[in-house]
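Enquirer: Structure in C-alpha cells, see below.
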Amino acid sequence: EAGVTQFPSHSVIEKGQTVTLRCDPISGHDNLYWYRRVMGKEIKFLLHFVKESKQDESGMPNNRFLAERTGGTYSTLKVQPAELEDSGVYFCASSQGLGGGAFFGQGTRLTVV
Amino acid sequence: GENVEQHPSTLSVQEGDSAVIKCTYSDSASNYFPWYKQELGKRPQLIIDIRSNVGEKKDQRIAVTLNKTAKHFSLHITETQPEDSAVYFCAASIRAGGTSYGKLTFGQGTILTVHP
C-alpha cells in the first residue's frame, strides 16, 4: 500500500512568488491534514479536511494560504504571495474515518528567498 | 487551546540503556496521545499511541504511560539501539464522539542519540 505522497520534495522560490504543494493521501483515508514545521520548532497544525470539506482551518496563518481538496482525493496548498517567514517543512498526513492514527508524508521543504 | 510541553529537548544514552521522554498537556478534553519518530530527512512515523481509557501500552521495546489526573504521558524505550537515534515528538488530540480525531498538537521534540 502506498503511503502519503507529497510533491515537490523541495521548493525554492523568491519572495512574492506563488507556490503550490500537493499531497496524495493513503487511498481510502477520508481525513487529510496539513502541518508545518518552521526553523526546528514544533510541528504546527494548519488545517483538516474530511473528504472535500474543511473541518478545521484554525491553524492557517493568513489569507495568503489556500488549501483545496476537490473530489475528496488529493489536496493542494497554495501560498500566494510567499513571504520569507513561510519557509519551513510542510507536512501532509492522512487517517481513516474513525479512530485511526495519522500517517505522515515525507514533507515539502519550502525556502523563500 | 491545547498546549503540549515536551522534555528533555535532547537526550543522550548508551546502547542498552533505557530512555524516557515526558510530555504534559493542558486540555483535559484531550483523549488521544500518539508518539512519532522522525529520522533525519524522513517522514514522522507513528510508533505508538494511547487513548485515554488506558493507562499503559507496550509494543516490544517501547511503552507509553498516561496519567490523566496529572495530564502527562511518557515514552519509554528499553534496551536502546543506535537505530533508535531520531527526533521523537509527542502529540495530543481530541476525538469527539462519533467523529475522527481532530488536529494534533505537538510537543517541541526530543533529539535522542544512542551511542554504540
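The values are calculated or read from the model by the stated rules, or taken from the named source; none is laboratory data. Keep in mind that what you see is a predicted model, and the values were worked out from it rather than measured. Cβ: placed from backbone, ideal geometry, glycine included. Neighbour counts: every protein chain shown. Surface accessibility is based on the protein's heavy atoms, side chains included, excluding ligands, DNA and RNA. Shrake-Rupley method; radii C 1.70, N 1.55, O 1.52, S 1.80 Å.
Enquirer: Applying the selection to region B:56-82, what residues are open to solvent by less than 50 Å² (accessible area, probe 1.4 Å) and either among the polar types (S, T, N, Q) or on the phi > 0 side of the Ramachandran plot (or both)?
Expert: Those that are open to solvent by less than 50 Å² (accessible area, probe 1.4 Å) and either among the polar types (S, T, N, Q) or on the phi > 0 side of the Ramachandran plot (or both): B:THR65, B:SER74, B:THR80.
Enquirer: Same structure, new question: Take region A:6-16 and flag every residue that is under 24 Å from B:PHE106 (Cα atoms) and open to solvent by 70 Å² or more (accessible area, probe 1.4 Å).
Expert: Residues satisfying the conditions are A:PHE7, A:HIS10.
Enquirer: Can we say A:HIS48 is within 18 Å of B:LEU46 (Cβ to Cβ) and within 14 Å of chain B (Cβ to nearest Cβ)?
Expert: Values: within 18 Å of B:LEU46 (Cβ to Cβ): yes; within 14 Å of chain B (Cβ to nearest Cβ): yes.
In short, yes.
Enquirer: Hey, another quick one. Can you tell me how many residues in region A:79-96 are more than 14 Å from every other protein chain (Cβ to nearest Cβ), in contact with an Asp or Glu (Cβ under 8 Å, 6 or more places away or on another chain) and either under 21 Å from B:GLY102 (Cα atoms) or surrounded by fewer than 16 Cβ atoms within 10 Å (Cβ to Cβ) (or both)?
Expert: 0
Enquirer: Here is a further query. Give the number of residues within region A:57-71 that are modelled with pLDDT under 90 and within 14 Å of chain B (Cβ to nearest Cβ).
Expert: First, pick out the residues of region A:57-71 that are modelled with pLDDT under 90: A:70-71.
Cutting the leftovers down to within 14 Å of chain B (Cβ to nearest Cβ) gives us none.
Residues flagged as modelled with pLDDT under 90 and within 14 Å of chain B (Cβ to nearest Cβ) within region A:57-71 amount to 0.
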